[in-house]
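Participant: Here you go, one structure.
The values are calculated or read from the model by the stated rules, or taken from the named source; none is laboratory data. Note that the coordinates shown come from a computational prediction; the quantities given were computed from them, not determined experimentally. Please note: Cβ atoms are built from the backbone with ideal geometry, for glycine as well, and neighbour counts cover all protein chains shown. What goes into the accessible areas is simple: the full protein's heavy atoms, side chains included, and nothing from ligands, DNA or RNA. Shrake-Rupley method; radii C 1.70, N 1.55, O 1.52, S 1.80 Å.
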Amino acid sequence: MIGTAEQDAFIRAMRWCTVATLRADGSPASSVVFYAVDGDELIFSTTRDRLKVRTLERDPRIAVTVLDEGEPFRFVSIEGTARIQGDDLVPGHVAVNRAMRGQPEWAAPEGFEEGLRAAGRVVIRVTPLRVSGVVRRG
């Protein structure tokens, strides 16, 4: 479980989040990504050359805010630590694709792993330390 049962249900129902990491000078860097839930972790995909990876290699602290795509603007914020997974890429990327596409039966096509490696993809795994937000409004 990531947060409360209500927070977890919200997180599993949404697809978008903002990810904030810390630059070397302490200033925040943020971006928007698709994500999936894997057990008690949030996961998302990026490429090894992105700022997110460089900042997390130096400092694993991360803040993720899961957003409702419409009114009443509900959200859940997850503060925690991240680890970069560069091996066994297929299960995490399948989970992200299933969540992103809204297709729980989606299967990786032939050559999927080779394509991930060629693109320099990694999976970021977020372990929650603190969870907050508003999932009930209006």
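Participant: May I ask you to list the residues in the stretch 68-89 that are part of a loop (DSSP other than H, G, I, E, B) and either small (Gly, Ala, Ser) or in contact (Cβ under 8 Å) with a residue 60 or more places away in the chain (or both)?
Facilitator: Gly70, Glu71, Pro72, Phe73, Arg74, Gly86
Participant: For Arg130, only one of the following conditions fails: (1) touching a residue at least 24 places away in the same chain (Cβ under 8 Å); (2) surrounded by 12 or more Cβ atoms within 10 Å (Cβ to Cβ); (3) under 30 Å from Ser27 (Cβ atoms); (4) charged (D, E, K, R). What is its number?
Facilitator: Among (1) touching a residue at least 24 places away in the same chain (Cβ under 8 Å); (2) surrounded by 12 or more Cβ atoms within 10 Å (Cβ to Cβ); (3) under 30 Å from Ser27 (Cβ atoms); (4) charged (D, E, K, R), Arg130 violates only (2).
Participant: Can you confirm whether the stretch 31-38 contains a residue that is in a helix (DSSP H, G or I) and among the small types (Gly, Ala, Ser)?
Facilitator: Within the stretch 31-38, none of the residues are in a helix (DSSP H, G or I) and among the small types (Gly, Ala, Ser).
Participant: Could you run through the stretch 90-106 and say how many residues are free of Cβ contacts under 8 Å to residues at least 24 places away in the same chain, surrounded by fewer than 10 Cβ atoms within 10 Å (Cβ to Cβ) and out of contact with any Lys or Arg (no Cβ under 7 Å at 6 or more places or on another chain)?
Facilitator: 1
Participant: If you scan the stretch 50-86, which residues turn out to be acidic (Asp, Glu) and modelled with pLDDT under 95?
Facilitator: Asp68, Glu69, Glu71
Participant: Out of the residues in the stretch 1-30 that are open to solvent by 30 Å² or more (accessible area, probe 1.4 Å) and part of a strand (DSSP E or B), state the one that is nearest to Glu69 (Cα to Cα).
Facilitator: That would be Trp16.
Participant: Additional query: Go through the stretch 107-123 and report how many residues are farther than 24 Å from Pro60 by Cα, assigned to a helix (DSSP H, G or I), among the hydrophobic types (A, V, I, L, M, F, W, C) and open to solvent by 40 Å² or more (accessible area, probe 1.4 Å).
Facilitator: Going through the stretch 107-123 one residue at a time, the tally reaches 1.
Participant: Restricting attention to the stretch 44-84, which residues are farther than 16 Å from Gln7 by Cα and among the hydrophobic types (A, V, I, L, M, F, W, C)?
Facilitator: Matches in the stretch 44-84: Phe44, Leu51, Val53, Leu56, Ile62, Ala82, Ile84.
Participant: Right, something else. Any residue that is among the acidic types (Asp, Glu) and at pLDDT below 95 - is there at least one of those in the stretch 42-49?
Facilitator: No.
Participant: Taking the stretch 38-52 on its own, how many of its residues are of a type in the set (A, V, I, L, M) and either in contact with a Cys (Cβ under 8 Å, 6 or more places away or on another chain) or crowded, with 19+ Cβ neighbours inside 10 Å (or both)?
Facilitator: 2
Participant: Taking the condition over 15 Å from Val33 (Cα atoms) and at pLDDT below 95, does Gly133 pass?
Facilitator: Here the answer is yes, as Gly133 does meet what is asked.
Residue-by-condition table, conditions (1) under 18 Å from Val53 (Cα atoms); (2) in contact with a helix residue (DSSP H, G or I) (Cβ under 6 Å, 6 or more places away or on another chain); (3) β-branched (Val, Ile, Thr):
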{"position": "Arg98", "(1), (2), (3)": "no, no, no"}
{"position": "Arg101", "(1), (2), (3)": "no, no, no"}
{"position": "Trp106", "(1), (2), (3)": "no, yes, no"}
{"position": "Glu110", "(1), (2), (3)": "no, no, no"}
{"position": "Arg117", "(1), (2), (3)": "yes, no, no"}
{"position": "Val123", "(1), (2), (3)": "yes, yes, yes"}
{"position": "Leu129", "(1), (2), (3)": "no, no, no"}
{"position": "Val134", "(1), (2), (3)": "no, no, yes"}
